[in-house]
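These notes are about the structure you will find just below.
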Amino acid sequence: MLLLALPLAVAVWAFGGFAAKRERNNADQELVRDLNSGASVYARLLRDARHTADRLAGSRRVGRAFAQSDKLTLRAIEQAHPWIILLHGAAGGLQGRAVEARVDVIGRERTIGRVFVVPPFGRRLVRTIGDEADLPGGRLGFLLDHRLVRADGVGRIDSRPTAGKPADVRMQALEYRAVALPLREQRDAPVLITVRKRSEIAAAANDVRWRVIGLGLGLIGAFLVTAYAVAPAIARSRLSRLQRDQAQRVLARLGDGVLVVDHDGVVQLWNQAAETITGLRAAEVRGRRAEEAIPGWTTIATFVPVADRPGEADGPSSSETVPVDVAGRELWLSIVAVALDDDTVYAFRDATHDRRLEDLRSQFVATISHELRTPLASLHGAALTLREHDLPAQTQDDLLEMIAEQSNRLANLVEEILVAGQLDSGSLRVVADTFDPEELVRGVVTVARSRVGEDTMIEVVVPPVVPKAHGDGERTRQVLLNLLDNAIKYAPSEGRIEVGLAAVGDRLRFSVQDQGLGIPVGEQERIFDKFYRLDPDQRRGIGGTGLGLYICRELVRSMHGRIWVESERGKGTTFAFELPAEPLPVPV
Ligand code: ADP
């Protein structure tokens, strides 16, 4: 605050100086004004004197007095008219006198006398003019040579000021400010002058300066006192504004969605994270009733408990995970609520991902335990039966074969889980190599044929010339085997399965076509998801983990290929995937 007061004080000081200077200028102007008023009174008096001169020159009394040389009468007339001098006869003038006008009086064709207008420059005239022009005493004077005649006395000044220009003059060791107006054109002509003591002007200027400085400093003082008094309030409001801004910034940056609903159920606040999580803009939600603006609000209001204090919100029961459907998208929100005066503050985060993980985990446990149960029961049964001593050799063989088959199934299951885990963690190795796709297809088909009954026909359709494929031969075999296994699993036993290979541009397309159950269009995307099965309850008795197609998709992607399905319910399904191919040699 002092930092502000200091320059203000300097400014006030400067302004005081400026005001004093202005006051001095004003004093000069006042002198000029007074001089002008005095001059116009003088001009009027001179005009009157001229008229008087004319009148006297024409008067019979004056004519007679001149004619008769009646000096007594002439002096009497002169005394009655101080501006007028009457000279008898034609000769003679008034040398050295400031004659303003002359009127000759003619009698019998000769000049018998002259009427002169001569201003009576003296203290009386000064007083008369000063009184008529209403000037302050001692202000006006006549300068006759170096003599200054004023109403209250006569003094000598050291220099004559230039006409019309305020100047400093000295008179009897005193400094004066003066403005002069020569009354005639001659060099030494009488001058009308207005004067004022410089000490008086300086005192007035000083007075003004101190008054301005006093007022300014007073104002600064008042400002400082006021500022001092209101500073804490300003600081407090500044602080609360800062805190408010900070709270707003925090709310905006917060990863958690924040929603404030007032006691009328109207949404008062909907922060940026709330927008991001739900996709609902603040503009669409704020100011509206929560149940109209927020889908699933009834569930939230019903299931989320409102704590009285934030401290009470601790504990597992306080946060609820509830589903909200926004524009066809199912969101799971984990919400806590706390009462704030009349409002309720809800903080929520997107728990959809966690929820999905949770679903996957329970799906995994359910699927795997189900998948383990059948082979384990078979193995257990076979082992118990084998313990009996008198089993026919054929039965023993059959049981051993079943043990081999079921343990193989278990091994495949474990392999699938392992590969899926490696794909998730990114640790699965895929070799970048080239391989002969036809050899691979024929190998896979031979293995598959050995697993199916005679009714199922597996055919291979391969063009005469196929390019080599880019990718990991082993992983491709895994993919193809899986697709072929599915075709066998999900198709009637007497169906026909076709495994195809075709060069499409710079790619190689592998396909497996069956005449089985088919897959509804709406499910065709999702069957590639982890654990996704069309028939999770295995009502058709076909087991599986739902991992196979997920693994296929990930493997094909990691070899820079793509996989898709075309299917019609009840008619059959074609799975196809493409891998990059080596260019075919150009035929010569
Ligand atoms: P799994 O076969 O172990 O259940 P997959 O990931 O291989 O798992 O397949 C996912 C689901 O896709 C299967 O449960 C099945 O419902 C469906 N499916 C896969 N292949 C076929 C097919 N050839 N015909 C019909 N449905 C199929």
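Please tell me if A491 is within 14 Å of the ligand (Cβ to nearest atom), in contact with a strand residue (DSSP E or B) (Cβ under 6 Å, 6 or more places away or on another chain) and small (G, A, S).
Numbers: within 14 Å of the ligand (Cβ to nearest atom): yes; in contact with a strand residue (DSSP E or B) (Cβ under 6 Å, 6 or more places away or on another chain): yes; small (G, A, S): yes.
Yes, satisfied.
Would you point out which residue out of L251, L192 is modelled with pLDDT of 85 or more and either on the phi < 0 side of the Ramachandran plot or part of a helix (DSSP H, G or I) (or both)?
Details: L251 fails: modelled with pLDDT of 85 or more.
The unique qualifying residue is L192.
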>> Take L517 and tell me if it is within 8 Å of the ligand (Cβ to nearest atom), under 53 Å from the mean Cα position of the chain (by Cα), in contact (Cβ under 8 Å) with a residue 40 or more places away in the chain and under 16 Å from K489 (Cα atoms).
In response: no
>> Report every pair of residues separated by at least 6 positions or lying on different chains whose Cβ atoms are under 6 Å apart, first residue within segment 561-576 and among the acidic types (D, E), second in a strand (DSSP E or B) and within 11 Å of the ligand (Cβ to nearest atom).
In response: E566/T574
>> Scan segment 492-513 and tell me whether some residue there is of a type outside the set (S, T, N, Q), touching a helix residue (DSSP H, G or I) at 6+ places or on another chain (Cβ under 8 Å), without any contact (Cβ under 8 Å) to a residue 60 or more places away in the chain and surrounded by 14 or more Cβ atoms within 10 Å (Cβ to Cβ).
In response: yes
>> Could you list, ordered by first residue, the pairs with Cβ atoms under 9 Å in which the first is in segment 287-304 and within 13 Å of S334 (Cβ to Cβ) and the second is assigned to a helix (DSSP H, G or I), at least 6 apart or interchain?
In response: I300/A290
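Which residues, counting only those in segment 430-481, are of a type in the set (S, T, Y) and open to solvent by less than 20 Å² (accessible area, probe 1.4 Å)?
T476
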> If you take the residues of segment 520-535 that are surrounded by fewer than 18 Cβ atoms within 10 Å (Cβ to Cβ) and either polar (S, T, N, Q) or more than 8 Å from the ligand (Cβ to nearest atom) (or both), which of them is farthest from the chain's Cα centre (by Cα)?
Replying inline: P520
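Filter segment 540-564 for residues that are within 51 Å of the chain's Cα centre (by Cα) and among the hydroxyl-bearing types (S, T, Y); which is farthest from L413 (Cα to Cα)?
As a first pass, look at segment 540-564 and keep what is within 51 Å of the chain's Cα centre (by Cα): 550-551, 553-564.
From the residues that got through so far, the ones that are among the hydroxyl-bearing types (S, T, Y) too are 550, 558.
Working: Y550: 14, S558: 22 Å.
It comes out as S558.
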> From the list L547, L584, L555, which one is more than 8 Å from the ligand (Cβ to nearest atom), under 17 Å from L481 (Cβ atoms) and not polar (S, T, N, Q)?
Replying inline: L555
> Which condition number does S567 fail, the rest of (1) surrounded by 18 or more Cβ atoms within 10 Å (Cβ to Cβ); (2) more than 10 Å from the ligand (Cβ to nearest atom) being met?
Replying inline: (2)
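The values are calculated or read from the model by the stated rules, or taken from the named source; none is laboratory data. Because the structure is a prediction, the values reported are computed rather than measured. Ideal geometry is used to build each Cβ from the backbone, glycine not excepted, and the neighbour counts take in all protein chains shown. All accessible areas refer to the heavy atoms of the entire protein, side chains included, with ligands and DNA or RNA removed. Shrake-Rupley method; radii C 1.70, N 1.55, O 1.52, S 1.80 Å.
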